[in-house]
Amino acid sequence: MNTVTKKRTLDELCALTQLNKRTVRFYIQQGLVDRPIGEKRGAYYSETHLEQLLTIQKWKEAGLSLERIKELLKFDQGEHVVPPLRPKQPGSVEVWSHIHIQDGLEINIQPERANMTPEQLRSFSQQVMQLAEQFSADNKGE
């Protein structure tokens, strides 16, 4: 088992992530990225630092704020689990799809939060409609 940790300088870390030094230092200051290992000229960065920065970049590109990213990083403990949703704030706006299946049966869904494309949502709705028709037919036959 290889336990050797790749030691990187700040310049190397910046080159790999395409971030500037100021941004990396800001992320460290804000608690988004761990402090470097060691001090002064002997300080170095590990794979963990690289992974933290790449994760921050991914979430920033997805449109998350640094505040939300910080919450997600605190929640993430190395597991690939969906983090808890933020509590709703007064005045927040949500977009829901309301799909009528049949009398008395409707679907309310947030496609973005459910991670569904319009095609997937359409397919899902059609499958629910077919299932509802089967239940209705079974109930009429009894």
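The values are calculated or read from the model by the stated rules, or taken from the named source; none is laboratory data. Note that this is a predicted model, so its numbers are computed, not measured. Reconstructed Cβ throughout: ideal geometry from the backbone, glycine too, with neighbour counts over all protein chains shown.
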Condition first: surrounded by 12 or more Cβ atoms within 10 Å (Cβ to Cβ) and either assigned to a loop (DSSP other than H, G, I, E, B) or at pLDDT below 90 (or both). Now tell me which residues in segment 6-18 satisfy that.
Lys7, Thr9
Hey, among the residues in segment 19-66 that are part of a loop (DSSP other than H, G, I, E, B) and of a type in the set (S, T, N, Q), which one's modelled with the lowest pLDDT?
Ser65
Kindly list, by first and then second residue, each pair from a residue in segment 9-38 that is hydrophobic (A, V, I, L, M, F, W, C) to a residue that is outside any helix (DSSP H, G or I), limited to pairs with Cβ atoms under 6 Å and residues at least 6 apart or on different chains.
Leu13/Tyr45; Ile28/Arg35; Ile37/Tyr44
Can you tell me how many residues in segment 83-124 are surrounded by 10 or more Cβ atoms within 10 Å (Cβ to Cβ) and modelled with pLDDT under 75?
2
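Across segment 23-57, what is the number of residues that are in contact with an Asp or Glu (Cβ under 7 Å, 6 or more places away or on another chain) and under 13 Å from Leu10 (Cα atoms)?
Matching residues across segment 23-57 total 1.
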Quick check: anything in segment 101-108 β-branched (Val, Ile, Thr) and over 26 Å from Ala62 (Cβ atoms)?
yes
